[in-house]
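Contents: one structure, followed by commentary.
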Amino acid sequence: MSQTSKILVIEDEDHIREIIVEILDAEDFAIIEANNGQVGVKLAVAELPDLIICDVMMPALDGYGTITRLRNDPVTQHIPVIFLTAKATKGDMRQGMNLGADDYLTKPFTRDELMDAVNARLARVAQQNQKLAEVSQKLEQLEQFDSLTGLPNQLVLGDYFQQALQQGQVDNNSPHSSQQTLIPFLLLGLDRFTQINDTIGYENGDLILKTLAQRLTDFIQTFEAVGVVRLPGDEFALILAPVSHEDQALVLAENLLKIIAQPYNVNHKMIPVTGTIGISFYPESSTLETLRQQASMAMSQAKKEGGNRCKIYVRPLFGVDTPKDLQMAGYFQTAWQRKMLKVFYQPRINIRTRKIVGAEAVVYWQDPTGTVVSPRNIATLADKTGLRQAIAEWVLSVACEQAKQWQQSRKKLRMAVNLPLQLFMSPSLLDTIAQRIEAVSLDPSYLELEISADIITHATNLNQVASKLLGLQRMGIQTTITDFGLIHSSGPFADLGLLALDNLKLDSGLVRNLPQNEPAISALLQIARGMKLKPIANGVETEAQIKTLNKHKCDEIQQNISLAPAELLKFF
């Protein structure tokens, strides 16, 4: 194995420990020695070895006590352990395995037996690390591309903008240039696409988006535009090559509208779709964010005028308008103050028995137009209005009350509640959770608390995160990392082994485009099982998705529907 592999040997009998060290040293392993379990645990935390060889029968702290401490510490809980024992009964082995031992060696043992056990454990670790690396590489490739259309996503937009700036600088430095060039930013949104989806179904709507993506790709190649990216929903952004007059960009945008308006063949039916384009220009604004905001305002105004048209942002006309998102934030704040928000539940199903095992509590709200706002958009509005923590604590209270009803009716279900960053990092988190549980006399095993992978990815103090998760587990509460696989959280694999987690929930974005993401999902599920985390798939909608997830041994699915408490009863 690798010369850099570090092995901790915990053995109270000096002559046996010396024999083991001599054998391993001859194989060029880095060896750490401990003559008792207490010292061994301290060295394991300090040195983080790749493998631990531990005697079972030791004074003070025996092997069982040692492995219990190792498995209860997030820092050491995933380090493989080989037990050494003179007692080889099935009961002894079962006890060790139940506590987390990975293998047994019976004394006396030969050199070959020792090396076979060591190499097998290290090979398994290396195999898992290789899978982690492969999945990480796959997700890094996926993170910059939209899985549905194959177009780059908004992470690439900044790169395109920089390319356009460089190209514009070259044009400005040309001896034939008499004026500063302009960089057009186009924001395209489809007209009434929500209604189209409702009429023909989301799968057919996805076919339209795929066809549109190909048309946009052909457009940028034909007109040598810098690039196109897929934005959330039915929006796309294009950065055109530098121009000398606004009219040049307007002509291209009008040509693009004609391309978009050509009917779409969906299952042998021709579906008419139109689009609206808002246009802004650099250097009218010097940042990409401002260009995007200005184009959005122009597009919104063009849609108010009927859609299927282009509009250029002009500061005197748009500078005093109230942005739509600001207006929506005001509606949301009023709804909170008037207690118009509700807690609904997304059912969690055992994928093999098809029986309900729990639910996640989510906020349900209809905006003034009667449109149901998605939980993710509600979270965004809660952030904008500064209500995220207050709403999260309210949801927690309501969820605990509902879970108490399950407890009283002897329904052994788990109630999942997502903890936003503000609440999770609050110094009083554990006290807040304890108070909510005690207020309704809830058995903590009915509660499951989720944190986003984004919290781990951007944590400035991972030890603080680990401490809070461990505190929740010690209260008897299950813990879950959620949104796993999002483009902004595709890399916290190495950190998972340091955290007290029970479950790993795949993000709905991975599940939604499962055929394309199946290799990555399969690898992620293997990693979850390897780390002894129960895998859960979020946002499951179709039987085909369920069958594929079952094939790859996903344990649970969370359906993409939000139900009132009474509606949830039909799943029991």
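As a proxy for reagent exposure, Thr482, Thr149, Thr371 were ordered by neighbouring Cβ count within 10 angstrom, fewest first; the result is Thr371, Thr149, Thr482.
Given a Förster distance of 45 angstrom, what is the FRET efficiency for Gln163 paired with Ala566, based on the Cβ-Cβ distance and rounded to 0.05? About 0.25, to the nearest 0.05. Near the amide H of Leu447, within less than 5 Å, lie the amide hydrogens of Met415, Gln478, all on another chain or at least 5 residues away, with H placed in the peptide plane.
Pairs of Cα atoms nearer than 8 Å and 6+ residues apart set the relative contact order; for the chain it is 10 percent.
Note: relative contact order over region 6-140, using C-alpha pairs below 8 Å and six or more positions apart, is 20 percent. For the chain, just say rounded, prolate or oblate: build the C-alpha gyration tensor, square-root its eigenvalues into a ≥ b ≥ c, call rounded for a/c under 1.5, and beyond that prolate if a/b exceeds b/c, oblate if not. Prolate shape, in that a/c is at least 1.5 and a/b is the bigger ratio. Distance between the modelled labels on Asp247 and Gln435, one decimal in nanometres: 6.7 nm (7 Å Cα→Cβ projection).
Legend: ranking of residues Arg352, Arg512 from fewest to most surrounding C-beta atoms inside 10 Å; resulting order Arg352, Arg512. The shape of region 13-54 comes out oblate: with a ≥ b ≥ c from the C-alpha gyration tensor, a/c is at least 1.5 while a/b does not beat b/c. Approximating the spin labels as points 7 Å out from Cα along Cα→Cβ, the Val45-to-Lys258 distance works out to 7.3 nm. A full extension of the chain between Val314 and Arg376 corresponds to an added length of 19.1 nm, given 0.36 nm per residue minus the alpha carbon distance. Listed by Cβ neighbour count within 10 Å, with the fewest neighbours leading, Asp191, Asp73 appear as Asp73, Asp191. When each full DSSP H helix of the chain is screened for a Cα extent of at least 27 Å along its own axis and an average Kyte-Doolittle hydropathy of at least -0.5, the helices passing are 202-222, 388-408. Can you figure out the FRET efficiency of Glu27 with Lys210, using R₀ = 56 Å and their beta-carbon distance, to the nearest 0.05? So the FRET efficiency works out to roughly 0.55.
Report the residues of region 13-49 in range of a label on Arg124: point 7 Å along Cα→C-beta, backbone N strictly under 19 Å from it. Zone members listed by number: 49.
With R₀ fixed at 22 Å, the C-beta to C-beta distance from Gln221 to Lys384 puts the FRET efficiency at about 0.05. You can think of it this way: the chain between Thr110 and Lys90 has 5.1 nm of extra reach, that is 0.36 nm per residue less the Cα-Cα gap.
For region 336-412, dividing the convex hull volume of the Cα atoms by the residue count gives 115 Å³ per residue. Summed over qualifying helices (DSSP H, 4 residues or more, each -39500 (n - 2.57)) and divided by its residue number, the chain shows a 222 nm mean residue ellipticity of -15000 deg cm²/dmol. What's the Cα-based Rg to Rh of region 6-140, Rh via Kirkwood? Result: Rg/Rh = 0.98. Could you give the length gained on full extension between Arg474 and Ser286, defined as 0.36 nm per residue of separation minus the Cα-Cα distance, in nm? Length gained between Arg474 and Ser286: 62.5 nm.
Every number here is computed from the coordinates shown, using simple stated rules; none is lab data. Computed from a predicted structure; not experimentally measured. Glycine gets a Cβ as well: all are built from the backbone with ideal geometry, and neighbour counts include every protein chain shown.
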